[in-house]
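**Student:** One structure is given below, represented as structure tokens, and several questions about it will come after.
The values are calculated or read from the model by the stated rules, or taken from the named source; none is laboratory data. Just so we're clear, the structure is a prediction, and the values are computed from it rather than from any experiment. Every residue, glycine among them, receives a Cβ derived from its backbone with ideal geometry; neighbour counts consider all protein chains shown.
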Amino acid sequence: MVGIVVGVDGSEESRHALEWAARDAAERGGDVLILRSWHEPLIGGTGATWAVEYDAVVHDAKAELDAVAAEVHDAHPTVSVLSALVDGHPVKALL
């Protein structure tokens, strides 16, 4: 069961929220779910060009999310850290 869900967007504020959540989860013995949402990028192009750009955007977002999750786990090894990349508006993704 996930104890705390934290949305991250790369901002300093989201990093502070994530650090608070990880400390709180460590103290209470809970888990943290790091969530990043995104919308399909508004990139011009068709066919194969679109597929390559789309895949690159998803790959980069997932890589950034994985790096953040690894940092949290390294700093708080007793906390179970989960992560999810969700396509959609941040408010809906967090709910």
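**Student:** Considering only segment 1-16, state which residues are surrounded by 15 or more Cβ atoms within 10 Å (Cβ to Cβ) and either under 17 Å from A67 (Cβ atoms) or among the hydrophobic types (A, V, I, L, M, F, W, C) (or both). I'd like the intermediate steps shown before the answer.
**Tutor:** Keep residues of segment 1-16 that are surrounded by 15 or more Cβ atoms within 10 Å (Cβ to Cβ), which gives 3-8, 14-15.
Correct list: I4, V5, V6, G7, V8, S14, R15.
**Student:** In contact with a strand residue (DSSP E or B) (Cβ under 9 Å, 6 or more places away or on another chain) and at pLDDT 95 or above, is that true of H76? Show your work before the answer.
**Tutor:** Working: in contact with a strand residue (DSSP E or B) (Cβ under 9 Å, 6 or more places away or on another chain): yes; at pLDDT 95 or above: yes.
When the stated conditions are applied, H76 passes them.
**Student:** Report, ordered by the first and then the second residue, all pairs with beta carbons closer than 9 Å, sequence separation of six or more or different chains, a first member in segment 19-37 that is more than 16 Å from A70 (Cβ to Cβ), and a second member that is of a type in the set (K, R).
**Tutor:** Taking only residues 6 or more apart or on different chains, the pairs are S37/K92.
Let's see how each residue does on (1) under 23 Å from E27 (Cα atoms); (2) outside any helix (DSSP H, G or I); (3) without any contact (Cβ under 8 Å) to a residue 40 or more places away in the chain:
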site	(1), (2), (3)
K62	no, no, yes
H73	yes, no, yes
P77	yes, yes, yes
V91	no, no, yes
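**Student:** Still on this structure, please answer the following. Say whether the condition of being in a loop (DSSP other than H, G, I, E, B) and either at pLDDT below 95 or more than 18 Å from L94 (Cα to Cα) (or both) is met by at least one residue in segment 17-29.
**Tutor:** Here is the first cut: in segment 17-29, the residues in a loop (DSSP other than H, G, I, E, B) are 29.
If we keep only those that are either at pLDDT below 95 or more than 18 Å from L94 (Cα to Cα) (or both) too, we end up with 29.
Yes, segment 17-29 has at least one match.
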